[in-house]
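The values are calculated or read from the model by the stated rules, or taken from the named source; none is laboratory data. Owing to the predicted nature of the structure, the values given are computational and were not obtained by experimental measurement. Cβ placement follows ideal geometry from the backbone for every residue including glycine, while neighbour counts extend to all protein chains displayed.
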Amino acid sequence: MAYQQHRLTDLPEDQRPREKLRRLGAGALSDYELLAVILARGTKRVGLLHIAQKALQSCGPRALLGVDDVDRLRQLCDVGEVHACQILACFELGRRFFQKGNQIRLRTPEAVYQHLRHLSDLNKEAFWGLYLDVKGCLVHEEVVSLGTLTMNLVHPREVFRPAIEHSAASVILVHNHPSGDPTPSAEDLKVTRQLVDVGRLMDIEVLDHVIIGGESFVSLRRKGLMASETNQ
């Protein structure tokens, strides 16, 4: 339940996140209360709880797992550098603990949909890259852009930079349609085919582009819509 008051001092002491954690344990806290414990304090302008809520609501909790740049996180969540560093460190630590015991394989569009089906809840488009090793295991995932899909927004440099940094052999593109209709637009096809061509030059295969809308999805690979006209 979201707080209506954003200052810790407005809350009864036993309802403040740190006190709740001491009294009830970490499992009793919401996501943003846990984040508030990590961030520790707000600013003169914005209360701690408001910062934590906004960070999680801006692009969805899972989206924060796909951000690894301080400046990008500051822009997405409207937080200062110190808070951005704390958030990134928190999520990176959680990601490392999780990935040590879990190898995620995304061999079908259905598996991709299940992995990122939370995108159907967002009210704006989010474009993700899922980066795989030579065995098809997920080695990294990242939010490439937020907003309506265009080549101005989804630049090949931003898509393939993480692939190089994480030594990925291939990438799966994923984005959502807030309208609930996953039918690919002309711009979706244009962006996909340009990225496929760039990936071919870099020897990093674009395996698929999965579009999520509501409770359904479309795989451009499955529909034969990945190749540019000159390569069909």
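The set of residues in the range 185-220 being buried (at least 16 other Cβ atoms within 10 Å of the Cβ), under 19 Å from residue 118 (Cα atoms) and touching a residue at least 40 places away in the same chain (Cβ under 8 Å) consists of 208, 210, 212, 213, 217, 219.
Evaluate the range 175-182: report whether one residue or more is assigned to a strand (DSSP E or B), crowded, with 17+ Cβ neighbours inside 10 Å and touching a Phe, Trp or Tyr at 6+ places or on another chain (Cβ under 6 Å). Within the range 175-182 (the criterion being assigned to a strand (DSSP E or B), crowded, with 17+ Cβ neighbours inside 10 Å and touching a Phe, Trp or Tyr at 6+ places or on another chain (Cβ under 6 Å)), the answer is yes, since at least one residue qualifies. State whether the residues of the range 73-96 include one that is farther than 22 Å from residue 211 by Cα, among the hydrophobic types (A, V, I, L, M, F, W, C) and modelled with pLDDT of 90 or more. For the range 73-96, residues farther than 22 Å from residue 211 by Cα, among the hydrophobic types (A, V, I, L, M, F, W, C) and modelled with pLDDT of 90 or more: absent. Among the residues making up the range 188-212, those that are farther than 22 Å from residue 167 by Cβ, assigned to a helix (DSSP H, G or I) and in contact with a strand residue (DSSP E or B) (Cβ under 7 Å, 6 or more places away or on another chain) are 188, 192.
Mind checking whether some residue in the range 132-155 is surrounded by fewer than 23 Cβ atoms within 10 Å (Cβ to Cβ), in contact with a Lys or Arg (Cβ under 6 Å, 6 or more places away or on another chain), in a loop (DSSP other than H, G, I, E, B) and small (Gly, Ala, Ser)? Within the range 132-155, one or more residues are surrounded by fewer than 23 Cβ atoms within 10 Å (Cβ to Cβ), in contact with a Lys or Arg (Cβ under 6 Å, 6 or more places away or on another chain), in a loop (DSSP other than H, G, I, E, B) and small (Gly, Ala, Ser).
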